[in-house]
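Asks: Sharing a structure, written as structure tokens. Questions coming.
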Amino acid sequence: MAALRLIFNLLWFVMGGFLMGLAWWCIGLLCFLSIVFIPFGRACFVIGEMAFWPFGNEHVNRERLNRISDIGTGPLGFVGNVIWFVFAGFWLALGHLVHAVACFVTIIGIPFGLAHLKLATLSLAPIGRTVVNKAY
């Protein structure tokens with residue numbers, strides 16, 4: 001199973017994952033330029049790592065994972081997600097959707113298109129979510 005995950009991740013990296021991972025990291029760098037958006041920047045780097053190597057990882061709600069509420073899972077997290085969507089989330093989701101459509105055109109690209117859709121949903125509202133390794 002690990003070998004198949006490695007093959008998928010290498011193919012993903014070459015066929016578009018590199019570009020979207022860089023997009024996440026570039027947005028993260030822009031967030032770090034202002035003091036206010038540093039938490040968004042940190043999230044961009046974590047999710048950017050998932051964008052480089054998505055197979056074997058998944059995003060989950062932090063409140064469900066930790067069984068406690070924090071600042072990102074409450075009302076401030078909702079406000080943060082609205083701000084995120086307006087400034088960066090829409091554009092990252094659009095990039096993932098374009099890559100997904102390009103992958104869906106070919107039969108062999110369907111798993112990559114599904115991974116892009118997973119990342120597109122995450123890019124719409126990433127505050128209050130975290131990336132974990134899947135347990136096989």
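Only the coordinates and a few stated rules stand behind these numbers; no lab work does. Worth saying up front: this structure is predicted, and the values here are computed from it rather than measured. Heads up, the Cβs are rebuilt from the backbone with ideal geometry, glycines too, and the neighbour counts pull from every protein chain shown.
Asks: Out of the residues in segment 105-136 that are aliphatic (A, V, I, L, M), in a helix (DSSP H, G or I) and surrounded by fewer than 19 Cβ atoms within 10 Å (Cβ to Cβ), state the one that is farthest from the chain's Cα centre (by Cα). Steps first, please.
Replies: Within segment 105-136, the first condition is being aliphatic (A, V, I, L, M), and the residues that meet it are 105, 107-108, 110, 114-115, 117, 119-120, 122, 124-125, 127, 131-132, 135.
Retained after the next criterion (residues that are in a helix (DSSP H, G or I)): 110, 114-115, 117, 119-120, 122, 124.
Next cut, surrounded by fewer than 19 Cβ atoms within 10 Å (Cβ to Cβ) only: 110, 114, 117, 124.
Numbers: ILE110: 18, LEU114: 13, LEU117: 10, LEU124: 9 Å.
Residue satisfying both the conditions and the ranking: ILE110.
Asks: Just need a number here: residues in segment 4-63 that are more than 22 Å from PHE104 (Cβ to Cβ) and basic (Lys, Arg).
Replies: The total comes to 2.
Asks: Looking for whichever is under 17 Å from the mean Cα position of the chain (by Cα), more than 17 Å from VAL86 (Cα to Cα) and surrounded by fewer than 16 Cβ atoms within 10 Å (Cβ to Cβ) here; the options are LEU19, LEU33, LEU4. Which one fits? Can you show your working first?
Replies: Numbers: LEU33 fails: under 17 Å from the mean Cα position of the chain (by Cα); LEU4 fails: under 17 Å from the mean Cα position of the chain (by Cα).
Exactly one of LEU19, LEU33, LEU4 is under 17 Å from the mean Cα position of the chain (by Cα), more than 17 Å from VAL86 (Cα to Cα) and surrounded by fewer than 16 Cβ atoms within 10 Å (Cβ to Cβ), namely LEU19.
Asks: If I ask for residues that are surrounded by 15 or more Cβ atoms within 10 Å (Cβ to Cβ), part of a helix (DSSP H, G or I) and out of contact with any Phe, Trp or Tyr (no Cβ under 9 Å at 6 or more places or on another chain), which ones from segment 69-90 would you list?
Replies: Within segment 69-90, GLY77, ASN81, PHE85, GLY89 meet the criteria.
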